[in-house]
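Following: one structure in structure tokens, then a few remarks.
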Amino acid sequence: MIMLKELVGNTIDVNEEGFMTDFTQWNTQIGEALATENEISMTPKHWEVITYIQTEYKNNVPLSIRKIGKSGVVDIKEFYTLFPNAPLKTATKIAGIPKPVSCI
Amino acid sequence: MFKVIYTDNQYHLHRSQTALHLYCVICNSISKESKSNTNPKTSKTITMKHKKNILILGAGTAGTIMANQLVKEVDPHTWNITIADATNTHYYQPGFLFLPFGIYDEEDVKKPIRSFLPDEVKFIQDKASEIKSEEQQVLFESGKTIHYDVLIIATGSTIDSSEIEGMNGPEWRKSIFDFYTFEGAKALREKLATWEGGKLVVHITEMPIKCPVAPLEFSFLADDYFGKKGMRDKVDITYVTPLSGAFTKPRATQKLEYLLKEKNINIVSDFAIESVDNENKSIKDYSGKEVPFDLLVTVPTNKGSQVIEQSGLGDELNFVPTDKGTLQSKVSANIFVLGDATNIPTSKAGSVTHFQAEILFENVLRFIRKEELLPEFDGHANCFIETGKGKALLIDFNYDHEPVEGTFPIAGIGPLRLLKESRMNHWGKLAFRWVYWNMLLKARPIPFVKARMSLAGKNF
């Protein structure tokens, strides 16, 4: 089910888990706001990870924690420090892309 | 250059080719060199018509079904079908779940590979060491090289406990076990038989894993097993998963979490393991969470075959990038991938392989006939989930539809119930072993069960 959500003056489409369903609606302001909602205070390193995730998504590369750990951007430990608890879920939510389907 | 190899009264021509010319008539260019390479026994038949080769790597569920299907349709005057595997034993892998609890014996889960292959298919017991896709050749450990015109990769997935620090340390097979291998399941049976209780942790390292519901089933069966032994009160069972819940699909998760609660099994979710502490017997995750154990039953990282890595054909887990609809590899047009070896976003399970095989079989024939491939595979999976005490659940889903309640395989009738515990489902699971050995591997149609998922009889 897709719902409309108001965020920093923008209307975005999200699913029941809060993941954006239309990446074209995303911008850095929205990313910042989604981060705040998830109790993340964005730093340049956070943005580096988000940019990497978005690039992989645009290239249709399936994402996984292992993949990000081997990206050269962060190792898994750092990824957890930046986005605690469920980093892939939180980072993809902020990046405005669907929840990765690494879990089947 | 031609190399002529004499095998089973047939000559197979092997030639280096840099491009795919599936239909090129190599026989037109048979060199004098090869003709002069005569064998007295067969020299009369050396007016040889060169045959083309379909090579299948891996004689597990996927490879065996494929060999049985292809042999019925491809022209034996034009094509040789060869299948290679490192071992000569076929394991009924779903049976590994039952082995630790003594429900199945060793003999229930292993049979000779050869007895499931048609006589017309050549079986080679040898381990593939490299796939050279440019040259259309596979190299084997024995030093043998086989040329192919069509390659079907069915090399499956295996566990790799060395991926996590400490997992295969001093406690491996003492208090840390797997049940995804025949040896692991047997060792665990010995352990469970004498174990006096404590903290049992059932754990998934990372996704994807083969048969993603197996660790849940293991937890349910453990509850039943210790209950029957009259020692359930001495065993604390915890299910630890990297996922956010018991399963990935919302409605099944809800149902399965209810069952875990009912059976007094704790769940720890979003647990991304970093290391196993052998000394203090605990698993630790990257966020600092720690779960202590007396007995750890883990599903280590699942990876594709080494030959995929050695050939540079896989992703970071050695799974082969594959088109999710046609099952053609993204490596080369004449390489197809079947079963657990693919990277496609569906479960790695026998049922999935069975459904894929029907689609792939059709596409291999189309490829041979130079027709367009059909993107027909819909991600269909159908899994029994043993819940203990003689009951089971059944789930049926695909790329687009999550498991829901309903009836299967006949809409409105069943006799199996979807996403509901029933005794009939349990009998279905036990009967499936017979179906597996006698129908599925031999590619005999299973009544009412279709490759593409049916929406009928389901309550969406």
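The values are calculated or read from the model by the stated rules, or taken from the named source; none is laboratory data. All values reported here derive from a predicted model rather than from experimental measurement. Cβ placement follows ideal geometry from the backbone for every residue including glycine, while neighbour counts extend to all protein chains displayed. Just the protein is used for accessible areas: all its heavy atoms, side chains included, with ligands, DNA and RNA removed. Shrake-Rupley method; radii C 1.70, N 1.55, O 1.52, S 1.80 Å.
Here B:ASP119 meets the list (1) surrounded by 15 or more Cβ atoms within 10 Å (Cβ to Cβ); (2) over 16 Å from B:ALA154 (Cα atoms) almost entirely, failing just condition (1). Answer with yes or no whether A:GLY18 is in contact (Cβ under 8 Å) with a residue 12 or more places away in the chain and more than 14 Å from chain B (Cβ to nearest Cβ). No: the conditions fail for A:GLY18.
The single condition among (1) part of a helix (DSSP H, G or I); (2) open to solvent by less than 10 Å² (accessible area, probe 1.4 Å); (3) more than 14 Å from chain A (Cβ to nearest Cβ); (4) in contact (Cβ under 8 Å) with a residue 60 or more places away in the chain that B:SER219 does not satisfy is (4).
In the range B:351-366, the condition of being within 12 Å of chain A (Cβ to nearest Cβ) and open to solvent by less than 30 Å² (accessible area, probe 1.4 Å) is met by at least one residue. Could you tell me whether any residue of the range B:239-254 is open to solvent by less than 40 Å² (accessible area, probe 1.4 Å) and part of a strand (DSSP E or B)? Yes: one or more hits.
For (1) surrounded by 14 or more Cβ atoms within 10 Å (Cβ to Cβ); (2) hydroxyl-bearing (Ser, Thr, Tyr); (3) more than 11 Å from the chain's Cα centre (by Cα), each residue gets a yes or a no:
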site	(1), (2), (3)
A:ILE50	yes, no, no
A:VAL61	no, no, yes
A:ARG66	yes, no, yes
A:LYS70	no, no, yes
A:TYR80	yes, yes, yes
A:PHE83	yes, no, no
A:PRO87	yes, no, no
A:THR90	yes, yes, no
A:ALA95	yes, no, no
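Could you pull out the residue among B:LYS330, B:LYS391 that is open to solvent by 20 Å² or more (accessible area, probe 1.4 Å), more than 19 Å from B:PRO208 (Cα to Cα) and within 14 Å of chain A (Cβ to nearest Cβ)? Going through B:LYS330, B:LYS391 in turn, just one is open to solvent by 20 Å² or more (accessible area, probe 1.4 Å), more than 19 Å from B:PRO208 (Cα to Cα) and within 14 Å of chain A (Cβ to nearest Cβ): B:LYS330.
Just so you know, in the range B:96-130 the residues that are more than 20 Å from the chain's Cα centre (by Cα) and among the β-branched types (Val, Ile, Thr) include one that is farthest from B:GLN306 (Cα to Cα), and it is B:ILE103.
Among the residues that make up the range B:263-274, is at least one of them among the basic types (Lys, Arg) and more than 11 Å from chain A (Cβ to nearest Cβ)? Show your work before the answer.
Initial filter on the range B:263-274 (among the basic types (Lys, Arg)): B:263.
Retained after the next criterion (residues that are more than 11 Å from chain A (Cβ to nearest Cβ)): B:263.
Looking for residues that are among the basic types (Lys, Arg) and more than 11 Å from chain A (Cβ to nearest Cβ), one finds at least one in the range B:263-274, hence yes.
Number of residues in the range B:335-353 that are among the aliphatic types (A, V, I, L, M), under 20 Å from B:PHE247 (Cα atoms) and more than 12 Å from the chain's Cα centre (by Cα) equals 1. The number of residues in the range B:434-453 that are open to solvent by 60 Å² or more (accessible area, probe 1.4 Å) and at pLDDT below 90 comes to 4.
Filtered by the rule that a residue be under 10 Å from B:LEU327 (Cβ atoms) and either free of Cβ contacts under 8 Å to residues at least 60 places away in the same chain or in contact with a Phe, Trp or Tyr (Cβ under 7 Å, 6 or more places away or on another chain) (or both), the range B:341-361 gives B:THR342, B:ILE344, B:GLN356, B:ILE359, B:LEU360. A single member of A:GLU48, A:GLU32, A:GLU78, A:GLU37 is acidic (Asp, Glu) and within 10 Å of chain B (Cβ to nearest Cβ), and it is A:GLU78.
Quick check on the range B:283-310: of everything there that is in contact with a Leu (Cβ under 9 Å, 6 or more places away or on another chain) and small (Gly, Ala, Ser), which residue is most open to solvent (accessible area, probe 1.4 Å)?
So in the range B:283-310, the residues in contact with a Leu (Cβ under 9 Å, 6 or more places away or on another chain) come out as B:283, B:293-297, B:301-305, B:307.
If we keep only those that are small (Gly, Ala, Ser) too, we end up with B:304-305.
Numbers: B:GLY304: 6, B:SER305: 29 Å².
Once the filter is applied, the top-ranked residue is B:SER305.
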